[in-house]
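Enquirer: Quick one: the structure is below, questions incoming.
The values are calculated or read from the model by the stated rules, or taken from the named source; none is laboratory data. Keep in mind it's a predicted model, so treat the numbers as computed, not measured. Positions of Cβ are backbone-derived with ideal geometry, glycine not excepted, and every protein chain shown enters the neighbour counts. Surface areas here come from the heavy atoms of the whole protein model, side chains and all, with no ligands, DNA or RNA. Shrake-Rupley method; radii C 1.70, N 1.55, O 1.52, S 1.80 Å.
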Amino acid sequence: MAQPGVLVLLKVKPFREEQYRYLVFNTRTSTVSRVDAIGVSCVQLPEDQGVIFPGGYVLQTGEVKIFEADVTGLEFKRSIKSPNGEDVLYVFYRRSDGLYGLYPYNVIRKEVATPI
């Protein structure tokens, strides 16, 4: 269990099941979202605004966004901050075929632009 800000990230293996489930509980809005992509890779956003993972993000405001893309196997590689500090680029990488996923996050607007 990890607890960045008001988000509680849970890894649960139900009785008699093979696969783990990954849940995000927001203590501010009292909502739970199932986000299995955080099991492979997950990074905390700047200023405790939420978490980003390959395929989407979860904000402390309760917003959950999942992108339509094949993100299986993507791992966090690095983050690159802009000189003005307003934007952060999160780079995820899949070792098997060399695929990169780029997720630009704007700290002021609190949103991820369309992934590249």
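Enquirer: Regarding segment 11-28, can at least one residue be identified that is in a helix (DSSP H, G or I) and out of contact with any strand residue (DSSP E or B) (no Cβ under 7 Å at 6 or more places or on another chain)?
Expert: Checking segment 11-28: not a single residue is in a helix (DSSP H, G or I) and out of contact with any strand residue (DSSP E or B) (no Cβ under 7 Å at 6 or more places or on another chain).
Enquirer: Ile52 versus (1) at pLDDT 90 or above; (2) over 25 Å from Lys13 (Cβ atoms): which is the lone unmet condition?
Expert: Unmet for Ile52, out of (1) at pLDDT 90 or above; (2) over 25 Å from Lys13 (Cβ atoms): (2).
Enquirer: Then there is this: Output the residues belonging to segment 84-112 that are closer than 24 Å to Val32 by Cα, in contact with a strand residue (DSSP E or B) (Cβ under 8 Å, 6 or more places away or on another chain) and surrounded by fewer than 16 Cβ atoms within 10 Å (Cβ to Cβ).
Expert: Glu111
Enquirer: Only one residue in Val32, Val40, Val24, Val12 is β-branched (Val, Ile, Thr) and open to solvent by less than 30 Å² (accessible area, probe 1.4 Å). Which one?
Expert: Val24
Enquirer: Name the single residue, out of those in segment 67-83 being surrounded by fewer than 16 Cβ atoms within 10 Å (Cβ to Cβ) and at pLDDT below 90, that is nearest to the chain's Cα centre (by Cα).
Expert: Taking the candidates together, the pick is Phe67.
Enquirer: Taking the options Pro46, Pro54, name whichever one is out of contact with any Lys or Arg (no Cβ under 6 Å at 6 or more places or on another chain) and under 20 Å from Arg109 (Cβ atoms).
Expert: Exactly one residue qualifies, and that residue is Pro46.
Enquirer: Based on what the data block shows, is Ser33 farther than 17 Å from Ile116 by Cα, assigned to a strand (DSSP E or B) and small (Gly, Ala, Ser)?
Expert: Judged against the criteria, Ser33 is a match.
Enquirer: Of everything in segment 1-54, what is of a type in the set (Ser, Thr, Tyr) and within 13 Å of the chain's Cα centre (by Cα)? Give them in sequence order.
Expert: Answer for segment 1-54, where residues must be of a type in the set (Ser, Thr, Tyr) and within 13 Å of the chain's Cα centre (by Cα): Tyr22, Ser33, Ser41.
Enquirer: Which count do you get for residues in segment 55-66 that are open to solvent by 70 Å² or more (accessible area, probe 1.4 Å) and within 19 Å of Lys11 (Cα to Cα)?
Expert: Adding up the residues that qualify gives 1.
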